[in-house]
Amino acid sequence: MIDVVILSMVAGFLALIYAAYLAMRVIKASSGNDKMREISGAIQEGANAFLMRQYKTLVPVVVILTAVIAYGINTNTAIAFLAGVIASAIAGYIGMQVSVRSNVRVAEAAKDGLAKALSLSFGGGAVTGMALVGLGLIGVTGFYVYFAGNLASIIGFGFGASLISLFARVGGGIYTKAADVGADLVGKVEKGIPEDDPRNPAVIADNVGDNVGDCAGMAADVFESFVVTVIAAMLLGVGAAAVGTGGGAPGGAAAGGANNLFVQIPLAIAAIGVISTIIGSLFVSVGKNGKIMSAFYKGLLASSIVMLAGSYFYLSGVGPEGLSLFAPVIMGVVVTVLLFLVTEYYTGTEYKPVRDVANAATTGAGTNLISGLAVGMEATVVPVLLIIAAIIISFKAAGLFGVALAAASMLSLSGIVIAIDAYGPITDNAGGIAEMSGLPEKVRKITDALDAVGNTTKATTKGYAIGGAALGALALFVAFSQEVHITTINLLSTPVVIGLFIGALLPFIFSSLLMLAVGRAAFGIVEEVRRQFREIKGLMEGKGRPDYAKCVDISASMALSQLALPGALAVLVPLLVGFLFGAAALGGLLAGVIASGLMLAIMMTTSGAAWDNAKKYIEQGNYGGKGSDAHKAAVVGDTVGDPLKDTAGPALNALIKVVNTVSLVFGAIIVAKSLNLV
């Protein structure tokens with residue numbers, strides 16, 4: 001029998017070593033000419049300044065919560081919480097540092113052709129993916145050993161990761177979309193200049209935003225999903241051991257587990273997944289057909305096959321019950337691949353939905369918006385059916401523990417998925433640097449091709465993150481029910497109905513706050529860009545120099561000023577509902593937020609990506625191309641979709657998980673101290 005702790009630690013360190021190797025490979029590549037390095041340096045400086053300001057803003061919040069957890073629960077949970085915060089922050093920081101250094105090198109590599117540029121951009125993205133899973137696996141395994149299998153304290157690690165994920169998604173999302181919307185509305189719509197035009201004062205802020213939102217934000221998001229899903233599956237492993245693979249018997253999160261085989265199985269599956277992603281990443285290469293997305297699918301499929309083979313080998317050695325757990329593992333992998341395919345269909349420029357949205361732009365912005373919204377709503381159907389199918393098959397195979405194991409299997413592929421995602425902001429920045437530094441048209445053609453696929457990969461990985469959030473949150477929900485000794489949720493109970501409606505409402509009010517924040521910040525950017533075009537002599541003619549730093553500062557200040565209320569909602573609302581109305585009401589809230597948040601997140605991210613790629617499709621020369629009426633209408637659609645797909649939609653993943661983890665952490669206190677007012 002394989003020693004799971006050794007396997008997990010080895011897999012974690014292998015991932016970090018591989019990440020270091022990839023980072024060195026990127027840094028050694030040529031960074032181009034002085035002009036390219038100057039632009040890249042400005043992006044790097046802005047991204048670092050924002051991330052450091054964001055982390056400093058969060059320090060008081062983290063200190064207060066650490067003290068509350070230490071006093072109200074125990075010191076071990078507080079230590080784990082603080083470690084989760086630090087590990088999540090490091091994961092985002094590492095990814096962003098490599099991303100802002102990869103962009104200029106990818107632009108330079110594009111001079112030598114598509115294959116070299118793709119290899120370098122994917123390698124830069126893979127640093128984020130490998131660092132994320134390596135830190136997550138080492139953290140969970142280390143605390144499992146340190147606490148001698150006491151899972152109640154390990155939950156704090158997941159809560160810390162969730163908190164940073166929420167703020168990274170909110171802060172980074174507001175920043176990136178405020179800059180993007182502001183740059184587009186004045187640059188493209190009012191002035192008619194191209195994207196990434198150096199005359200646009202918001203262009204550097206826009207490129208900075210790609211890194212702090214799509215790279216650091218997504219890294220923190222999926223790090224948290226990876227960690228909390230594995231922990232939730234380990235918690236349910238306690239019940240599975242008590243009643244066989246049927247799982248789910250109430251026993252509480254603290255019910256031992258140091259030598260429990262079922263507790264260790266999710267850890268083993270996660271470790272196998274991490275090793276599989278390292279192997280799978282070696283298969284990513286563009287073939288003779290030049291299809292970039294096909295290169296990524298080769299890596300994803302290779303990782304999936306190795307993952308399934310390794311899991312089968314491991315589970316077959318577990319004992320008679322081991323192979324019954326293979327079906328949930330299969331479901332996790334299958335759902336991952338199918339979510340990629342479904343999201344690509346709804347957001348790719350070569351497929352009907354996006355082309356329909358582009359066609360709708362020929363009759364104006366109104367019809368373009370209607371079509372995009374309809375696509376987003378329709379796109380909820382297949383992912384939800386996939387998740388339902390995974391739940392049914394996994395439950396029949398191994399009960400509630402099987403459902404949690406399917407989620408752990410799905411998130412075990414986080415390394416390759418985030419590598420594909422983080423490739424997006426790298427290539428987006430590479431295109432911007434190529435445009436601003438005046439590189440030849442053949443270089444821009446390659447970076448445009450990479451960037452167009454990057455839009456699709458960012459959309460597909462958001463679909464994966466949302467699906468993983470739903471399955472992971474379901475496992476957390478079951479773990480919460482065990483912690484507070486709830487066996488049923490009675491929809492005829494008044495407290496449950498109260499909680500259900502509040503939970504369903506929460507994603508909407510949360511999204512509203514983020515959308516309004518983007519709108520306010522974008523307003524400030526628009527006014528500043530207009531002022532600079534008005535007051536800086538020769539700016540439009542390319543003779544004056546824009547004040548890029550001013551737009552960077554406005555985006556950063558506005559984003560950080562909007563962090564408090566969304567974060568407070570995520571942490572305080574479940575606690576208030578629990579302490580005022582009881583554990584059953586809180587159970588209703590969790591059910592509401594999972595169901596409502598899943599649908600809303602899929603709809604928003606898909607609509608936004610469809611509008612974005614409809615604009616790209618028109619810019620390729622269809623329906624009149626750039627500057628046409630259809631293009632102007634599509635830019636409006638893209639502008640509306642930006643905060644949907646890159647701010648509010650992705651942040652709902654973090655909201656769902658924070659609400660569930662905070663409920664689990666404080667579950668025992670809620671049972672003891674609730675006022676039960678209804």
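Annotations
- Sequence-distant contacts, meaning Cα pairs under 8 Å at least 6 residues apart, place the relative contact order of segment 610-658 at 32 percent.
- Greater than 32 Å apart at Cα, pairs in LYS645/LYS673; LYS396/LYS673; LYS291/LYS550; LYS298/LYS615; LYS35/LYS615; LYS191/LYS445: LYS645/LYS673; LYS396/LYS673; LYS291/LYS550
- Heavy-atom SASA rank of LEU576, LEU492, LEU586 (probe 1.4 Å, accessible area, largest first): LEU492, LEU576, LEU586
- For the chain, the longest principal axis of the C-alpha atoms and the axis of helix 292-316 are separated by about 10°.
- Largest accessible area first, the listed residues HIS485, HIS631 line up as HIS485, HIS631 when surface is computed with a 1.4 Å probe on the assembled protein chains.
- In terms of the mean number of neighbouring beta-carbon atoms within 10 Å, the peptides 387-398, 124-135 order highest first as 124-135, 387-398.
- For the set ARG534, ARG520, ARG101, the ranking by accessible area, highest first and with no ligand, DNA or RNA atoms included, is ARG534, ARG520, ARG101 under a 1.4 Å probe.
- Residue range of the chain that is longest and free of GluC sites (Glu not before Pro) which are both DSSP loop and sparsely packed (at most 12 other C-beta within 10 Å): 1-349
- Protection proxy ranking, peptides 667-676, 587-596, 546-555, 143-152, average beta carbon neighbours within 10 Å, highest first: 587-596, 546-555, 143-152, 667-676
- The helix-only estimate of mean residue ellipticity at 222 nm for the chain, built from DSSP H runs of length n ≥ 4 each weighted as -39500 (n - 2.57), is -28000 deg cm²/dmol after division by the residue total.
- Ranked by the mean number of other Cβ atoms within 10 Å of their residues, highest first, the peptides 173-186, 208-221, 359-372 come out as 208-221, 173-186, 359-372.
- Formal net charge of residues neighbouring LEU120 (Cβ-Cβ distance under 14 Å; K, R +1; D, E -1): +4
- Accessible carbon and sulfur surface of the chain relative to its total accessible area, %, 1.4 Å: 66 percent
- Take every Cα pair under 8 Å whose residues are at least 6 apart in sequence, average their separation, divide by the length of the chain, and the relative contact order is 21 percent.
- Segment 384-472: relative contact order in percent, alpha carbon pairs under 8 Å with at least 6 residues between: 36 percent
The values are calculated or read from the model by the stated rules, or taken from the named source; none is laboratory data. Just so you know, these numbers come straight off a predicted model, no measurement behind them. All Cβ positions, even for glycine, are placed from backbone atoms using ideal geometry, and neighbour counts span all protein chains on display. Only protein heavy atoms, including side chains, enter the accessible area calculation; ligands, DNA and RNA are left aside. Shrake-Rupley method; radii C 1.70, N 1.55, O 1.52, S 1.80 Å.
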